[in-house]
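**Q** My questions all concern the structure below.
The values are calculated or read from the model by the stated rules, or taken from the named source; none is laboratory data. The structure displayed is predicted, hence computed values, not measured ones. Backbone-built Cβ (ideal geometry, glycine too); neighbour counts: all protein chains shown.
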Amino acid sequence: MNDELRSILLGTAGLWIAVVAALFLTLARGGVGASGERLRAAVRLAIVAVLVQAAHFAEELATGFHRRFPDLLGLAPWPVGFFVSFNLFWLVIWGLSIRGLAPRRRAALFLLWFLGVASVANGLAHPLLSLGTGGYFPGLVSSPFVGAAGVLLLRHLSRLTSPLGRY
């Protein structure tokens, strides 16, 4: 395996924790049971979460996250093309998943749970990376907003769903 591919696979491996958490939440919480204002509020918040994540990605790209983070792990830098494509892919997927919320699609819930969990992780990780490196780490400025949007999104998704799929 070449260094670039190894770096991409190992450097993004932490996202699997968010995927597993989102899958658990999707299965444990069930489908969308609420409607009306609760559903509209969740849709609005999901839009905000995606927009804040887009701003976060822009900060990371402008400040070299794709080089600094892999380097911190002793890995090769990520190609900028991969980093841009990877982030744009998720922004588009999350944006499309919002459209699936109103008709109560379970797959949309999974993707939005993933956005919420990953956002909270981002909100915690960037300040910790900055503390660990003793200075600014790419993504630090926007990370509190990403984390807050993630907490609020998780809260709204919890209100839309019920434990064990019961409402």
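**Q** For T133, indicate whether it is touching a Leu at 6+ places or on another chain (Cβ under 8 Å), more than 24 Å from I47 (Cα to Cα) and surrounded by fewer than 18 Cβ atoms within 10 Å (Cβ to Cβ).
**A** Numbers: touching a Leu at 6+ places or on another chain (Cβ under 8 Å): yes; more than 24 Å from I47 (Cα to Cα): yes; surrounded by fewer than 18 Cβ atoms within 10 Å (Cβ to Cβ): yes.
Here the answer is yes, as T133 does meet what is asked.
**Q** Quick one: W94 ticks every box in (1) aromatic (F, W, Y); (2) over 15 Å from the mean Cα position of the chain (by Cα); (3) buried (at least 16 other Cβ atoms within 10 Å of the Cβ); (4) farther than 23 Å from T133 by Cβ except a single one, so which number is it?
**A** So W94 meets the others, but not (2).
**Q** Hey, another quick one. Determine whether the range 143-155 contains at least one residue that is more than 19 Å from A55 (Cβ to Cβ) and not hydrophobic (A, V, I, L, M, F, W, C). It would help to see each step written out before you state the result.
**A** Taking the range 143-155 first, the residues more than 19 Å from A55 (Cβ to Cβ) are 154-155.
If we keep only those that are not hydrophobic (A, V, I, L, M, F, W, C) as well, we get 155.
Yes, the range 143-155 contains at least one residue that is more than 19 Å from A55 (Cβ to Cβ) and not hydrophobic (A, V, I, L, M, F, W, C).
**Q** Within the range 98-124, track down each residue that is surrounded by fewer than 20 Cβ atoms within 10 Å (Cβ to Cβ) and either within 18 Å of H56 (Cα to Cα) or under 16 Å from the mean Cα position of the chain (by Cα) (or both). Even if it seems obvious, please write down each step before you answer.
**A** To start, the set of residues in the range 98-124 that are surrounded by fewer than 20 Cβ atoms within 10 Å (Cβ to Cβ) comprises 99-100, 102-107, 110, 121, 124.
Passing the criteria: A107, F110, A121, L124.
**Q** Looking at the range 149-167 only, could you name the residues that are modelled with pLDDT under 90 and part of a helix (DSSP H, G or I)? Quick ask: steps written out before the conclusion?
**A** Initial filter on the range 149-167 (modelled with pLDDT under 90): 159-167.
R159, L160, P163, L164, G165 - these are the residues of the range 149-167 that are modelled with pLDDT under 90 and part of a helix (DSSP H, G or I).
**Q** Between a residue in the range 57-72 that is without any contact (Cβ under 8 Å) to a residue 24 or more places away in the chain and any residue that is surrounded by 16 or more Cβ atoms within 10 Å (Cβ to Cβ) and charged (D, E, K, R), which pairs come within a Cβ distance under 9 Å, given they are 6 or more apart or on different chains?
**A** H66/E60
**Q** Across the range 81-104, which residue is farthest from L39 (Cα to Cα) among those that are small (G, A, S) and outside any helix (DSSP H, G or I)?
**A** Step one: filter the range 81-104 for residues small (G, A, S), giving 81, 85, 95, 97, 100, 102.
Those left that are additionally outside any helix (DSSP H, G or I): 100, 102.
On the way: G100: 11, A102: 7 Å.
That would be G100.
**Q** F145: at pLDDT 95 or above and either in contact with a helix residue (DSSP H, G or I) (Cβ under 8 Å, 6 or more places away or on another chain) or not in a helix (DSSP H, G or I) (or both), yes or no? Outline the logic, then answer.
**A** Values: at pLDDT 95 or above: yes; either in contact with a helix residue (DSSP H, G or I) (Cβ under 8 Å, 6 or more places away or on another chain) or not in a helix (DSSP H, G or I) (or both): yes.
When the stated conditions are applied, F145 passes them.
So that you can scan it fast, the table gives a plain yes or no per residue for (1) of a type in the set (D, E, K, R); (2) loosely packed, with under 12 Cβ neighbours inside 10 Å; (3) modelled with pLDDT under 95:
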| position | (1), (2), (3) |
| --- | --- |
| L25 | no, no, yes |
| A55 | no, no, no |
| H66 | no, no, no |
| V84 | no, no, no |
| F89 | no, yes, no |
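**Q** Which condition does V92 not pass, out of (1) β-branched (V, I, T); (2) in contact (Cβ under 8 Å) with a residue 40 or more places away in the chain; (3) out of contact with any helix residue (DSSP H, G or I) (no Cβ under 7 Å at 6 or more places or on another chain), if it passes all the others?
**A** Single failed check for V92: (2).
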